[in-house]
1. Would you kindly derive the ³J(HN,Hα) couplings of region 249-254 from the backbone phi angles with the Karplus curve 6.51 cos²θ - 1.76 cosθ + 1.60 (θ = phi - 60°), listing them in order in whole Hz, with x for Gly and Pro?
2. Could you give the length gained by full extension between D140 and I290, i.e. 0.36 nm per residue of separation minus their alpha carbon distance, to one decimal place?
3. Starting with the highest mean, order 242-248, 227-233 by the number of other Cβ atoms within 10 Å, averaged over the residues of each peptide.
4. Identify, among L135, F155, Q168, the residue whose Cα sits farthest towards the positive end of the charge dipole of region 107-183, taking +1 on the Cβ of Lys and Arg and -1 on the Cβ of Asp and Glu, with the dipole about the Cα centre.
5. Mind listing the long-range amide H neighbours of G44? Cut-off is under 5 Å, sequence gap 5 or more, other chains count too, H placed in the peptide plane at 1.01 Å from N.
6. Ranked highest first by the average count of other Cβ atoms within 10 Å around their residues, in what order do 22-29, 163-170, 207-214 fall?
7. Could you derive backbone 3J(HN,Hα) for region 295-311 from the dihedral phi with the Karplus parameters 6.51, -1.76 and 1.60 (θ = phi - 60°), listing whole Hz in sequence and x where the residue is Gly or Pro?
8. Please state the relative contact order of region 120-207 as a whole percent: Cα pairs under 8 Å, 6+ residues apart?
Amino acid sequence: MFAAIAVLPLLGAYPIFVMKVLCYALFACAFNLLIGFTGLLSFGHAAFLGTAAYAAGHALKVWSLPAPLGLAFGAGMAALAGLVIGWLAIRRSGIYFSMITLALAQMLFFFFLQASFTGGEDGLQSVPRGSFLGLDLQSDLTLYYVVLGIFIAAFWLIYRTVHSPFGQVLTSIRENEARAISLGYDVERFKLVAFVLSAMLAGLAGATKTLVLGFATLTDAVWTTSGAVILMTLVGGMGTMVGPIVGALIIIALENKIGDVGTALASLTGIGWFNGLGESVTIVTGLIFIVCVLAFRRGVVGELIALIERLKSKRAA
């Protein structure tokens with residue numbers, strides 16, 4: 001998969017678009033670590049994406065830090081926000097946990113709206129790319145492979161976490177929290193560590209996105225972005241390693257290419273309504289979500305895995 005992504009620019013893919021997909025794929029993978037493997041549904045994960053986006057942008061633009069330090073600072077600030085929000089939220093479970101994360105994330109959103117260093121509604125603009133370990137990031141192709149390297153390293157960290165003894169404890173908490181407590185595990189501590197790790201990785205995605213696009217805006221921290229990452233995870237396949245990547249690709253491709261699809265359909269069918277399809281992207285994504293809930297409960301990757309397992313069972317029989 002990574003080899004295929006690496007050759008996409010050589011095949012004519014637009015590097016900025018693929019890098020945007022990679023950033024949101026990392027965001028979805030970080031969220032999946034929390035909900036898919038720990039069983040914690042956060043409605044405020046955009047807070048960490050936005051915190052890191054603004055922190056990294058400020059460090060790169062105002063403090064003139066090199067790109068690695070700027071990204072690390074953004075991820076660190078997101079981890080700190082995750083520590084505070086997680087410490088407050090894990091004391092509750094279920095919908096109460098979700099609503100606490102949403103409320104605290106909205107508090108951060110309004111802070112970003114009023115703070116001077118964020119630029120308010122105008123956002124933090126003209127963030128320089130700088131260099132990364134001697135590599136000039138002004139070249140889109142150079143930046144592309146740096147972003148791909150960051151994504152691979154973060155994905156490897158998530159993979160090792162899930163398949164470690166720590167990850168197995170997280171899975172046991174998701175499956176039966178009461179039994180995990182009876183076995184002597186400090187469930188709240190494991191939840192908090194998972195929450196902070198997820199927040200840090202989500203922050204790394206936000207910081208990288210700021211480096212790629214050159215700006216950070218309130219869209220990064222708004223509650224609809226938290227809803228979007230939930231949608232990406234569910235569409236791709238919650239609890240799978242590759243599912244969030246597929247889900248991010250589907251949702252981001254729809255948001256960016258649905259207008260072109262509508263124009264093509266209008267020219268083929270002669271129906272003028274299709275020309276406005278680009279303005280109705282939320283309707284299209286909503287329909288996709290409904291179809292997934294009704295027909296693909298496991299998501300795209302989850303259904304493929306289930307199909308492969310059924311075929312293997314039939315062959316074995």
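1. Result, ordered by residue: 4, 5, 5, 5, 5, 5 Hz.
2. So the chain would gain 50.3 nm between D140 and I290.
3. 242-248, 227-233
4. In region 107-183, that residue is Q168.
5. L102
6. Final packing ranking: 22-29, 207-214, 163-170.
7. Karplus values, whole Hz, x for Gly and Pro: 10, 10, 4, 8, x, 4, 5, x, 5, 5, 5, 5, 5, 4, 5, 5, 5.
8. Working: 26 pairs, mean separation 11.5, N = 88.
Relative contact order of region 120-207: 13 percent.
The values are calculated or read from the model by the stated rules, or taken from the named source; none is laboratory data. These figures come from a predicted structure and were not determined experimentally. Neighbour counts run over all protein chains shown; Cβ positions are idealised from the backbone, glycine included. Only protein heavy atoms, including side chains, enter the accessible area calculation; ligands, DNA and RNA are left aside. Shrake-Rupley method; radii C 1.70, N 1.55, O 1.52, S 1.80 Å.
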